[in-house]
Amino acid sequence: MKILVIHQVPYRKISYHLGIDHDRHDVTYVGRPVSLRQIPGDLRCSRIPLAEHDDLVAGVTARVQPSDGYEKVLSLSEFGILEAVHIRRHLGLPGPSPARVELVRDKVRMKEALAGSGIRHPRFVEAPPACGPLPWSGKTVLKPRSGASSEGVMVLETAREALSAYRKLPDPGSYQLEEHIEGDILHIDGLMQDGRFLELAASRYVNKPVEFAGGLPLGSHQIPLTQAQRDLAREVSFALGVEEGCVHLEAFHTADDELVFLEVANRVGGAGVVTAHERYSGVHLPSHEIAVRLGLERPPSAEPSGRYHGWLAFPGHHLPAGTAEVTLPEGLADHPCVDRLYVLPPDRPLPGHITYQEWECPVFIEASHTDAEELGRFLRACANGITVVSGTRVPAELGSAA
């Protein structure tokens, strides 16, 4: 099979070679030079570099043609799945429509599609009235209609404040307003094929994604999967027409035990989700998703650990430029819950952007326990007990960690 891979997610997060036999198939990677350099040098494949500032669709379609004979286009990034629709059309290949993909990219369209489904979601408006209030008065979330990592998300104390902030935006049409829901946030991660889940696991966040953007650590730990969580994942996927690939769904869990849909993506979750799921279930989600999307045999699974797994990431983008000065609780590296502990080397600068990558964060912990609640308590203690500050300043031209 001749496969075109739009390579955007770091190679070490996907490990394409686990899902594709590169000796058997003709694989071409297209991407920015920095992404192509991540591909193992001994991997049998072709590489097509894009110019650093090329528009993704224009850059790819200028370099590949229908006569090249590609049979599949693979894109696993949040910021490439809609673009892949246009690239497939350029190559004359079948695939989902733009309208279908927008349901898992556009946070307005996905909630509109849930109308009449019985699935509760926050009240929202695509664009507020020119004058007059929102349909609610309390705490309000102003966020981009598309995107990831809570970049650009603001939580305002009142609807009036949110309206004022919305009207000051340079591009308000790319944002939406929704009521704030009180409760913990869960993420439910799975893999679908032919409209049914092959894999599914639930996790509870430690802190909230929007707080990571503001400078607090973020983590999550797996919890026992309930029937209500299974039903929510199945019903949302059905309502949005998701039939294959990974699903990363977020939902509020309120004090009265209600699940309220937040948003969903048709891709694998970021941060420590892949590693946690693989250790918990034995299934490496990216390679299994690749097999499903390409119609290949799924790779073998490992033995489940018999433990609940989680992760905790500390941000550095909010700190002044410099290196990280990290203070860890004594004995943390040898704690029985800790599977791996990453600390940014003292000669590496703090990241200048929001990142959950373990090799870029000042501190990143992978942890596990046989009891989900004990694991949660441990990660929350780490979130409160570890400090990260900016140390010696480094020249701006050194950039962020690679």
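Since every read-out is calculated from the coordinates, none of them should be taken as a lab result. This structure is a prediction, so every number in the text was calculated from the model and none was measured. Don't worry about glycine lacking a Cβ; one is built from the backbone with ideal geometry, like all the others, and counts go over all protein chains shown.
Rounded, prolate or oblate: pick one for the stretch 269-373, where a ≥ b ≥ c are the square roots of the eigenvalues of its C-alpha gyration tensor, a/c under 1.5 means rounded, and failing that, prolate if a/b is larger than b/c, else oblate. Don't jump to the answer; show the numbers that get you there.
On the way: a/c = 3.17, a/b = 1.51, b/c = 2.10.
It comes out oblate by the Cα gyration axes.
Relative contact order of the chain: 13 percent, from C-alpha pairs under 8 Å at least 6 residues apart in sequence. Of T226, T61, T140, the residue with the greatest mean-square motion in the GNM of the chain, using alpha carbon springs below 10 Å, is T226. Overall, the stretch 2-95 carries a charge dipole of about 120 debye about its Cα centre when +1 sits on the Cβ of Lys and Arg and -1 on the Cβ of Asp and Glu, all other atoms neutral. Counting only DSSP beta bridges with both residues in the chain, the antiparallel share comes to about 80 percent.
Here the dipole of the stretch 91-149 is about 200 debye; that uses its Cα centre as origin and unit charges on the Cβ of Lys and Arg (positive) and Asp and Glu (negative). Distant-in-sequence amide contacts of V153, defined by a placed amide H-H separation under 5 Å and a gap of 5 or more residues or a different chain, comprise nothing. In the stretch 212-338, taking the dipole from charged Cβ atoms about the Cα centre, the farthest positive-side position among A213, F238, A291 is held by A291. Would you mind pulling out the separation of the Cα centroids of the stretch 1-63 and the stretch 119-165, in Å? For the stretch 1-63 versus the stretch 119-165, the Cα centre distance is 38 Å.
Basic side chains Lys and Arg get +1 at the Cβ, acidic Asp and Glu get -1 at the Cβ, and with that the dipole of the chain about its Cα centre reaches some 820 debye.
Taking amide hydrogens as placed 1.01 Å from N in the peptide plane, the amide H of V27 sits under 5 Å from those of I3, S46, each at least 5 positions away in sequence or on another chain.
Beta bridges per DSSP, both residues in the stretch 171-270: antiparallel share near 100 percent.
Convex hull volume per residue, computed on the Cα atoms of the stretch 178-335, equals 159 Å³. Summary of the geometry: the stretch 355-395 and the stretch 222-264, compared by the centres of their Cα atoms, lie 26 Å apart.
Taking amide H atoms as placed 1.01 Å from N in the peptide plane, the amide H of Q176 lies under 5 Å from those of K143, R145, each 5 or more residues away in sequence or on another chain.
Listed values for the stretch 307-315 are Karplus-derived 3J(HN,Hα) couplings in whole Hz (6.51 cos²θ - 1.76 cosθ + 1.60, θ = phi - 60°), namely 10, 8, 10, x, 8, 8, 10, 10, x, and x replaces Gly and Pro.
List the longest stretch of the chain that has no exposed loop site; here a site is one of the GluC sites (Glu not before Pro) assigned by DSSP to anything other than H, G, I, E or B, with at most 11 other Cβ within 10 Å. Write down the numbers at each step before the final one.
Values: sites that count: E52, E157, E182, E297, E330.
The longest uninterrupted stretch comes out as 183-296.
Computed from phi, the 3J(HN,Hα) profile of the stretch 317-324 under the Karplus parametrisation 6.51, -1.76, 1.60 (θ = phi - 60°) reads 5, 8, 8, x, 4, x, 9, 8 Hz, with x in place of Gly and Pro.
A simple rule links phi to the HN-Hα coupling: the Karplus curve 6.51 cos²θ - 1.76 cosθ + 1.60 with θ = phi - 60°, which for the stretch 187-194 gives 10, 10, 10, x, 9, 10, 8, 6 Hz, with x for Gly and Pro. Remark: the Cα gyration tensor places the chain in the rounded category, a/c being less than 1.5. Along its first, second and third principal axes, ordered by size, the stretch 125-256 spans 47, 31, 28 Å in Cα coordinates. Considering only G331, G352, G385, the Gaussian network model of the chain with Cα springs below 10 Å gives its largest mean-square fluctuation to G331.
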